[in-house]
Structures are given as structure tokens and as C-alpha cells.
Amino acid sequence: MLSCRKILFLTIGGISFAGCLEQKILFDFNKDVNQNFFKEVPGIGDALYIKYPVTKKATTARVYVSSFREKFIENDDLLEYSELNDVSKTSSVDYWNVNGYSQNLYLVKYEFSYSVKNKKGEPIDIPVIGAVFFSLKRNGQNKVTGIAPCYFGTVDEDENLITFDTELTLAKKDGTFYLKAIKKKKNVKGLLFMPANFPSNPATPDDTFTIEKIVKLDANKVGGYKPLVFNINKILKDANALQFHYVDTIHLTQ
């Protein structure tokens, strides 16, 4: 049976560094993450939101990142590999560096509106805060080896959480990369990330927020049909394990 730690890394990182399949993707974040990258994501591209038309697309999208890399830590007089956040409070050794795998977890936040009809048949615009999560992995030569998992969801400010209910996958057409939805399986509920304390007006990398808990709502190998709760600090023993900081704002043209 998989441990909670391993399931957590599968959920947010695809596969742990030690199990990465060595493939190289000619992906340049600065060049490829643009409006076209999200062309099939609701609220930015032409996709419907659930089954409703989007009436006002996002004009900007704020990007946040949480960065990990392989480091050595001392554990019971032994050196062990560990995947640590760059702002981790867990001490790593400073006398032996490892040129290993690294991983960036990205959260993209943006706003859009969709339209429904009231009982009188009149259209009503409803604002939504959208969110996209994707994980980008690199090998020791800094080459991209994978972009997965990827999710689309929405931010609920009242409940202070992000609900990711749509799994995405990386696709490529005419030499450009983009995210597209995977056909949803029946009764798939998705993930909850919390708290969703995004900075109100981010401007520098000092603008941060930390995901403290992730809930896997679907059937799993630990709880069966009971949702599985990942308390990040408890599992990874690091309060900063999933701290995200502001990177940039993507300006989207309509």
C-alpha cells in the first residue's frame, strides 16, 4: 500500500524524482506559458465553463511558484536524498551538493465571468476566480522531463479554498504547447487545496502564501471511498513545504 507521502507526491508532482522517466521536452517556460498555453482552459480560451458560455475572459493571470530540488539531509547518521522546497525549514547538508532533479509547482490565478439565465430567461453574468495548477520537472542538466499533473479549478474566497475538478494534460500542435482537458471519468470529484490566501496585490517574490492541506476527494488506496486528507506539515515535517511566491503577471490579449 502506498504511503500518504508517496500519494501526495503523485498528486502534486506526478511521480517522485527517483521514479522520473528520462525524457526531454523542449519546453521553455518564459516562451511557452502564454495565452496560447491556456487556449483550451475555461475563462482564458474558448472552452465552456461547465456547460455555460464565458462572457468575459481574463485579461491578466497571476503566476505563483513553489520550487523543489533534491538535497542531502542527515538522518540517523546517514545521508539521504530528500525533495525540499527552496524555502524549507528542514536543514540540508552544506558539505555535499547534489546535481539532481528539481521541480516547480505553478499556480495561476485569474478572473472571468460566465452567463446563465434566470427564471425569466434573462442572462446573468456570474464572476469566477479561476485557477490552473501544473508541475514542471527538470533533470540534473536542467532539461524539462515532464509537465504533470495539471488541473483546472476555481477559488472559493468565502470557504478559503481551491477546488480542482478537471484534470488537464499537455498537448502540442503546430510546434506550440497547450493544456487540454482530459475526458472526465464518472464520479470524479478532484482535489481541495487550502487555505487560498493569495496576496491581494502581489508585486515581488516576497508576496507569498502557503498551502497547508490538500484533500483528495476521490477513492484512494488508503481510505477507500473516504476522502484522503494530506496535512502538509505533518506529512513532510516542514511548515514551508508548499509555500508559493509570486513570479509574474501574464497579460492576455483578447
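The values are calculated or read from the model by the stated rules, or taken from the named source; none is laboratory data. Remember, it's a predicted structure, so these values are computed and weren't measured experimentally. Neighbour counts are summed over all protein chains in view; Cβ atoms, including those assigned to glycine, are modelled from backbone coordinates with ideal geometry.
Miscellaneous remarks
- Test: residue in the range 61-70 that is of a type in the set (Val, Ile, Thr) and within 29 Å of Ser200 (Cβ to Cβ): yes
- Taken together, the residues in the range 29-47 that are out of contact with any strand residue (DSSP E or B) (no Cβ under 7 Å at 6 or more places or on another chain) and either more than 17 Å from Phe177 (Cβ to Cβ) or of a type in the set (D, E, K, R) (or both) amount to 2.
- Here Ser91 meets the list (1) surrounded by 12 or more Cβ atoms within 10 Å (Cβ to Cβ); (2) within 24 Å of Ile235 (Cβ to Cβ) almost entirely, failing just condition (1).
- Scanning the range 125-143 for residues that are modelled with pLDDT of 95 or more and farther than 17 Å from Glu83 by Cα yields Asp125, Ile126, Pro127, Val128, Ile129, Gly130, Ala131, Val132, Phe133, Phe134.
- Once the range 55-79 is narrowed to residues that are modelled with pLDDT under 95 and among the aromatic types (Phe, Trp, Tyr), the residue that is farthest from the chain's Cα centre (by Cα) is Phe72.
- Among residues that are in contact with a helix residue (DSSP H, G or I) (Cβ under 9 Å, 6 or more places away or on another chain), in contact (Cβ under 8 Å) with a residue 40 or more places away in the chain, aliphatic (A, V, I, L, M) and under 22 Å from Leu10 (Cα atoms), Val108 is included.
- Test set (1) out of contact with any helix residue (DSSP H, G or I) (no Cβ under 9 Å at 6 or more places or on another chain); (2) of a type outside the set (A, V, I, L, M, F, W, C); (3) modelled with pLDDT of 95 or more - Lys186 fails condition number: (3)
- Count of residues meeting criterion [over 11 Å from Lys213 (Cα atoms) and in contact (Cβ under 8 Å) with a residue 40 or more places away in the chain] in the range 223-238: 3
- Those residues of the range 35-54 which are modelled with pLDDT of 95 or more and among the charged types (D, E, K, R), in sequence order: Lys39, Glu40
- With respect to the conditions (1) touching a helix residue (DSSP H, G or I) at 6+ places or on another chain (Cβ under 9 Å); (2) touching a residue at least 60 places away in the same chain (Cβ under 8 Å), Glu70 lacks only one, and its number is (2).
- Of all residues making up the range 80-136, the number that are more than 20 Å from the chain's Cα centre (by Cα) and part of a loop (DSSP other than H, G, I, E, B): 17
- Among the candidates Lys137, Lys143, residue that is touching a residue at least 40 places away in the same chain (Cβ under 8 Å), of a type outside the set (A, V, I, L, M) and crowded, with 20+ Cβ neighbours inside 10 Å: Lys137
- Only residues that are under 19 Å from Phe164 (Cα atoms) and polar (S, T, N, Q) were counted across the range 46-77, and they come to 1.
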